[in-house]
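Nothing in this text is a laboratory measurement; each read-out follows from the coordinates by a stated rule. Just so it is clear, the structure is predicted and the values come from calculations on it, not from any experiment. Glycine also receives a Cβ, built like all others from the backbone with ideal geometry; neighbour counts cover every protein chain displayed.
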Amino acid sequence: MSPKLFSAVLENTFRKLIWDQHGLNIDGQKLNHLRFADDIVLCEEQPGILEKMIIDLNKESEKVGLFMNINKTKLLTNSNKYEIKINNQPVEYVDEYIYSGQIISHTDTTTKEIKRRIANGWKRYWSLKEIMKSIDLSIGIKKEGLQYLRSPMYYIWV
């Protein structure tokens, strides 16, 4: 399925869900989910309601041929853990999760996040090692390559 078609189908699926009263109250408005491509975060304070939201999303998604990957589905809480199942399979609880390139946790992970991003930067740098050593490429192209390496690290400071 093309990314645009997937996005349209997912948007249509979410429009069918009646979640106006679910989610976190932020400035008088309910935030019940975040979406980026196929990465979805559901937000809710009450585990029973969260479970209902997961079941509702799973049912609506399956109607249009989209299926949740239980191995990639995780729960993160700063409260008591409550068993939640998708198709009779328990969902795993984690202490932190990487969503859209950012560590999400209820504890302070700033130092860990900075170290992770530096390591990712070096990994990307070494992946271009042969290009940077090449005598066939101009300095301008090599500078563009370095700019490519640095840009993902900027948004941690924003």
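Observations on the model:
- The chain: Cα Rg divided by the 2.2 N^0.38 Å rule of thumb: 1.34
- Listing Asp95, Asp108 from fewest to most neighbouring C-beta atoms within 10 Å gives Asp108, Asp95.
- Close amide H partners of His33, meaning residues 5 or more places away or on another chain with modelled amide H under 5 Å apart, are Cys43.
- Each Lys and Arg contributes +1 and each Asp and Glu -1, all at the Cβ; summed about the Cα centre of region 3-105, the dipole is approximately 320 debye.
- Sequence of Ser127, Ser2 once ranked by neighbouring C-beta atoms within 10 Å, starting from the fewest: Ser2, Ser127
- Where both bridge residues fall in region 39-131, DSSP classifies roughly 75% of the beta bridges as antiparallel.
- Structure note, pairs Lys30/Lys72; Lys16/Lys72; Lys115/Lys142; Lys52/Lys115; Lys72/Lys123; Lys30/Lys81: Cα-Cα distances above 28 angstrom occur for Lys52/Lys115.
- Sorted by Cβ neighbour density within 10 Å, fewest at the top, the residues Thr111, Thr73: Thr111, Thr73
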